[in-house]
Every structure is written in C-alpha cells, then in structure tokens.
Amino acid sequence: MRQAYLLCLLFIGCSSSFPGERTVEDDLGRTVVLPPTIERITTLAPSVTELAFAAGAGSKIVGVSTFDDYPPGIDTLPRFDMLPTDFEAIVALDPELVLASEQVNSLKDIDIFSSSGIPVYFVAVNTLPDVTRAIRALGELFGTTEAATRRAIQLEDSLAQLSALTASLSERPRTLFLIDDVTLYAFGQGSYIHDMIDLAGGHSITQTMTTRFPVLTDEFVLDARPEVIVGSFGLQYDATKLVSHHATWDIVPAVVSGRVYGLHPDPYLRPGPRLVSGAWALARILHPDTVIDP
Amino acid sequence: MNRWAIGLLVLAFFSVIISVSTGDEVSFSEALSVLWHHLTFGYGNAPDPIADRIVWRLRLPRALLALIVGGGLGIIGAAMQALVRNPLAEPYILGISSGATAGASLFYLGFLPPLISKAVSMPVAAFAGGLCAILIVYSVAGGRGHLSVTRLLLAGVAVASLMGALSSFITLSSPEPDKLRSVLFWLLGSLHLATWSTLIWPSIAVLIGLISLLVLARPLDGMLTGDESAHSLGVQVESIKRILIILASLVTGSIVAASGAIGFVGLIVPHAVRSVTGVTHRRVLPASFIAGAVFLLWADLVARAILPGAQLPVGIVTALCGVPFFLILLRRSNYGFG
C-alpha cells in the first residue's frame, strides 16, 4: 500500500507540468526544472552566496550556511549547519531553489532535496571566466539579468585592466600557491587558481599535477624552485613559520629572497566574484612595481 | 643468526637504498653520491644542495621512520597477540591509537592551545590521548589484583569506540574546519612529517620495546600456552602482562604521534612471519621487526611514487597491498596460531 502511494507520488512528480515551468541545465549538465519565478533561495556554500549576490539576487536568499560571512547583507539571515547538511533546517526555510557548489557539495544531497520537491542547481567555477559566466547564468535564472550583466561587465573590465598590465611582462615568477603550510595541500590540474596566477603575471608550478588537490612532497617544492610562495594562511602569517615546518626549504628561491606571503583565504578558496580582487592582490605581490592599484 | 634473518637484513638495506634514490627529482647516481658523501663524512665533491636536501634530509629520515614505525608495529603486534592469545590482536587493539587520534584531533582542530609549537604539541597531545585510553582500559581490566585478558579486550574495543566517537565529534564541531583536510591526512597514517629530529622519540621507544621484548621472548612463548600452564612453567604472568601493556602504549603512542594510525602492519606482519619462522618468539620478534620495517618502507615508496610530486597517506597503501597479501597467505598455508 505504502509502495503504491510512493509510486503515485513519483508519477505525479514526473508528469506534473505547471504552466510557465522551465527547464534549465546546470553546470554539471543536470536538467533542473524550475518554477517560472524564483523568490526564495538557499545557498549551500559561501562561494555560491557571493555569486548570487553578484547576480543581483541577494535579496532572494532566505538562509545561508554557518560558514557564510560575506557579503555583510547576510548578517540577519537564518543559518543552517553544513557539516553535515542540516536538511530539516533548509527545507523549513521553504526555498524554491537550492544553489549548490560543485566544489563543496555532494551530489548525494540532491536526492534528499528532490524528494522534498526542491530543485537543486549546481554551480561550478573552475576557471576565471567561469565567474562571470556563472553570474550571468544566475541572473537569467532569477530574472535579475540587468544587475547580473552590470556586475559581470564590471568584473570583466577589472580583469581586462589587470591583463593589460601583466600580459606583456616577460618576467613571470614561478609561483607556488599553498592551501596549508604543514600538510602541503595545493591546487592541481583544472583549477581557477592557475588562471589567477597567470593573470597576475606569474607561472603556477602545480598546474600540471594530475590530482585536483595534491598533497605535495617537500622534495617536489625543492626541485621546482618556486620564486614566490603564497598561501591562504591569512594576512598576518609569519613567513618564518613555513621554513620552521619545512627546514630543507632554506634554499628555495622564494625563501631566500623573502618572497613568502600569507593571503586572505576567502578570495582564493571561495570560487566567486572575489577571485577578481584576489588576482589583483596576487599581482601586487608578484609585480609590486608594475601593478599599483585598480 | 639464521639465514632468513640475514636475508631480511640485506633486503632492508637495499630497500633503503632504493627508497632514497626513487623519485623524479633526483637521479639514482646522484642519490648514491649524496649518500656516499655523507657516509664517508664529506669525502669527494660536495653534492648539489637540492639533491643533498632531498636525499639526506627528506628521503632518508622518512625511510628510517618507515623502518622504525613498521618494525615497532611488527613487534608490538606479535607481543599483543601473545598477550591476549588471540590472532586478531594488533598494536591498536587496546584503544591506544584511538586515544592518540582523539588527543591529536583536539589539539589540531584548535580546541587545545599550542604549547610550544605545532610540531611539538601534536605528538604530545597524541601521546597523552593514547596514555589516557590505556589507563582507562587498564583500570577496568586490572581490578581485583588480576589482569583479565577478556576484560582487557572488551574494554579495549569499548574505549576505542569511545575515542573514535570523540574524534568524530571533535572533527565535526571544529572551530577551524579548514584544517579538516590536514588532520584527515595525518589520521590515515602518513610519514610525510619525518625529519631527523622527529626520528628521535620513536627510535628510543621502539628500541626499548625491541630489547625488552627480546628479553621476554621465553615468557612470551609460555604465555601462548595459557595463563595456568605459563604459570606452571615459572612465568610471572601478571607482571609480564603489565609490562607488555606499558611497552605497547609507549611504542604505539610514540608511533601514532609520529605518523598517525597506520593500520594492518601490526596485524599482518607477525602472522606472515610465523608462517616462515614458527611460533618461537626468539625468532618471531626480530623477524617481525625487520619484516614490518621493510613492508612499511615499500608501502611508503608506493605512497610517494604513485602520484608524481604528490603523496598519499601510507595507511591507505598498507591496507590496499597488505590485506590481499595476507588473505592469500591465509589461504595457501596451513597456518596455525600458538
């Protein structure tokens, strides 16, 4: 009896086609069925919150995760836990769409949302151009095309300005971007971080590594001789800590010339609109004489 | 010294040579010349500084740590199997590794303040956690003046679950979620933090363990026959049990602190060794030491080499390579325990 009921539900779910309903394809190539207009969104990761705000849909967000802290407009919003995902709290917010990040969220989560009748749209940002592409796509999704386009053009202009400063530079320091200073997590193949380093006028030494988040060996770094080491260790990072953890790096060019820098983590670890300001900050570190300010 | 023991030692020696000279960054001959330069106290031309650091300061301590950790896990595994007279026993059975893990997670994820530096505090926290777990287990099993093996095992399993749950709780409620990835890497067992200075403490602990266990080799043989017959053989069963537990927590705690919880070595190696040497501890212990050492060294070589420039936690490799080998061994030999 219960099974028959569930089967019924399934059929209703499949055949229901309300007027004005639209189908779109998300960044994972999944087909997502959406109501004609969307007024209530929850975002499952800080990066997609920032993208939604950039697309002009910030006012439609009705709840964010406990990890979210940007932009300031989210201060008053209800919070839900993401480790593990607090499905009840999210469903209770009654969103018409859940925005997820391909980097952070798991595909398994969508089963639970779709069984509650809530569509999930995945955003994937793996290159720098993906940022503005995602903003435009979200603008169309939420009917805020104008604001989204404006913001996208603004960001693209900023990237173009930076590119104009750095593209012709012949000296491109070999750069290592680290996520952790003890266990050497880095970005491997197919990450936006290499676009950022390239745009900032550097050469990323981990861009051909086959895994997505390789844990580097100390000897790899010794052998690759990075001229600049940057990490998402925070702006207050004491560069001598890196050598105290990796004593053999005393002859790495970046260490010898004192070019080890801690960066604010968010513009690098959250693939959203702030990647652009992250690229600028990186450029100021790599080419302090050429790149002054946007 | 039997022929197999010499064979294992030669194997260990060449394994170290292969381990320090394998990798994209330094050529085989360059690695050998670095070793030669140091072992002859500076004879010949000074090697390239990068090759020197890679071979002498990164790969060699790492290879030696693999030997010490693998060897330590091997002998403690053999001793634990004798202590509880159960072939399933391994160094981590008494909850030591779970306790150490919980202690390290507490520190690593920002619940405990770093006392001196991260590199020092984490092993200390791991050691304290392991000690805490074994004290609970011991006080439960050792009541009424008699150390019950059954209670020891049950309490060990229970405390391991408790500590495991504690670690998970700590991990999920961490104020610094960014560090989850790193703690995970360490928890899975890895030798990537090896330096000459991190070798000191595990070396001392494992050496104490090896010598003490060799001294106790005959009583250990007696223990395998059961408490009462061991007693009738003149073995001080109760005090031997206590010594074994203290040794296990000392060695295992220091190993977990240095390299995380590397599974399966302590379980598999003594069994594999017994199928060659028989059950006499005078042979099982040294053979388990060398076999465990060589096994972990090769496992770490795979962990280093499988992804160019990057590494895997060696604990994954020991399970992936060790378990099938162990199952084949179980199937092929008419292996008996005790």
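Laid out as a table, the results:
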read-out	value
Average projection area in nm² (convex hull over Cα atoms of chain B, one quarter of hull surface)	18.4
Restricting segment A:118-193 to GluC sites (Glu not before Pro) in coil, as DSSP defines it, with at most 15 other Cβ within 10 Å	A:E171
Order of B:T171, B:T225, A:T37 - criterion: other Cβ atoms within 10 Å of each residue's Cβ, fewest first	A:T37, B:T225, B:T171
A:D111 versus A:I251: modelled label distance in nm, points set 7 Å from Cα along the beta carbon direction	5.4
Nearest-20 debye value, chain B charge dipole, Cβ charges on Lys, Arg, Asp, Glu	600
Cβ-placed point charges (K, R +1; D, E -1), dipole of the protein assembly as shown about Cα centre in debye, nearest 20	2560
Full-stretch length increase - A:S168, A:E21 - with 0.36 nm per residue and alpha-carbon distance subtracted	48.0 nm
Antiparallel DSSP beta bridges within the protein assembly as shown, as percent of all bridges there, nearest 5	30
Inter-label distance for B:R242 and B:S173, nm, one decimal - labels placed 7 Å from Cα along Cα-to-Cβ	3.7
Span-rule helices in chain B, defined as complete DSSP H runs reaching 24 Å or more along the axis (Cα) with Kyte mean at least -1.0	B:3-21, B:60-83, B:118-141, B:149-172, B:196-215, B:237-259, B:281-305, B:314-332
Residues A:E39, B:E90 arranged by fewest to most Cβ contacts within 10 Å	A:E39, B:E90
Unit charges at the beta carbon, dipole of the protein assembly as shown: most positive-side option, B:F14, B:L60, A:T183	B:F14
Residue exposure sequence - B:W36, A:W280, B:W4, B:W201 - by fewest surrounding Cβ within 10 Å	B:W36, B:W4, B:W201, A:W280
Farthest toward positive dipole pole in segment A:200-294 [+1 Lys/Arg, -1 Asp/Glu at C-beta], among A:A200, A:Y261, A:T217	A:A200
Lys pairs under 29 Å by Cα in the protein assembly as shown, provided they are eight or more residues apart or on distinct chains	5
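No lab work stands behind these numbers, since they all come straight from the coordinates. If you're wondering where the values come from, they're calculated on a predicted model, not measured in any experiment. All Cβ positions, glycine included, derive from the backbone under ideal geometry; neighbour counts span all protein chains shown.
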